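What follows is one structure encoded as structure tokens, with my remarks underneath.
The values are calculated or read from the model by the stated rules, or taken from the named source; none is laboratory data. Because the structure is a prediction, the values reported are computed rather than measured. Ideal geometry is used to build each Cβ from the backbone, glycine not excepted, and the neighbour counts take in all protein chains shown. All accessible areas refer to the heavy atoms of the entire protein, side chains included, with ligands and DNA or RNA removed. Shrake-Rupley method; radii C 1.70, N 1.55, O 1.52, S 1.80 Å.
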Amino acid sequence: TILALAGGEAGWRAAPALRVLAIVNVYNEADIIGETIRHLLRQGIDVLAVDNWSTDDSPSQLAALAAADPRVRVVRFPAAPSAQYAWKPLLENVEAEAAASGYDWIIHNDADELRYAPWPGRTLAEAFALVDALGYNAVDFTVADFRFLAGDAAGPAGVEERLRWFEFGRRPGHFVQIKAWRQIPG
């Protein structure tokens, strides 16, 4: 993501800590969900994982992550398995969970997305605190699509270490994704 700030906004200033929650919808993401949630926690972000009745090892991984860190909470949605993956009710659930959360900022984070602050050496939570202090109430993200290449072997290294090459998303919507917002009362 490229961010340009000018004038008095260009310098880093300390901002009060904020509570930031990532809401992550999960369906059969056992290959990546642990790394995604641990990354968010390292970035100072709490996590609500919404399992959409996964049939792989995702539920047990989510349970282990929640047991290991109180900043991770896991729920299942909908109340029972459904025959189809219904995106609209899942997004309505994100909206409801966000409104009831009590957090300052919400990130709608896909299970295979790793997000970073645009400032080196700063966590994502610190970046949200600065953005908030500057008076903004939403954050745009740009997609950098990392893909495995022929010959990239699975191994003990995490996805961040194994994926070295990327291309920017090809759809116009990949360049402006407003996936984080300030919770504004009312």
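Do we find a residue being within 24 Å of residue 48 (Cβ to Cβ), surrounded by 16 or more Cβ atoms within 10 Å (Cβ to Cβ) and either of a type outside the set (Val, Ile, Thr) or at pLDDT below 95 (or both) anywhere in the range 163-175? Scanning the range 163-175 turns up no residue that is within 24 Å of residue 48 (Cβ to Cβ), surrounded by 16 or more Cβ atoms within 10 Å (Cβ to Cβ) and either of a type outside the set (Val, Ile, Thr) or at pLDDT below 95 (or both). Filtering the range 41-65 to residues that are of a type in the set (A, V, I, L, M, F, W, C), open to solvent by 20 Å² or more (accessible area, probe 1.4 Å) and part of a loop (DSSP other than H, G, I, E, B) leaves only 53. Filtered by the rule that a residue be in contact (Cβ under 8 Å) with a residue 40 or more places away in the chain, assigned to a loop (DSSP other than H, G, I, E, B) and either under 28 Å from residue 31 (Cα atoms) or open to solvent by 60 Å² or more (accessible area, probe 1.4 Å) (or both), the range 120-145 gives 122, 123, 136, 137, 142. In the range 90-112, the residue that is least open to solvent (accessible area, probe 1.4 Å) out of those that are part of a helix (DSSP H, G or I) and under 18 Å from residue 28 (Cα atoms) is 90. Looking across the range 28-40, not a single residue is within 10 Å of the chain's Cα centre (by Cα) and open to solvent by 10 Å² or more (accessible area, probe 1.4 Å). For residue 82, the conditions (1) among the hydroxyl-bearing types (Ser, Thr, Tyr); (2) open to solvent by 40 Å² or more (accessible area, probe 1.4 Å); (3) at pLDDT 95 or above all hold with the exception of (3).
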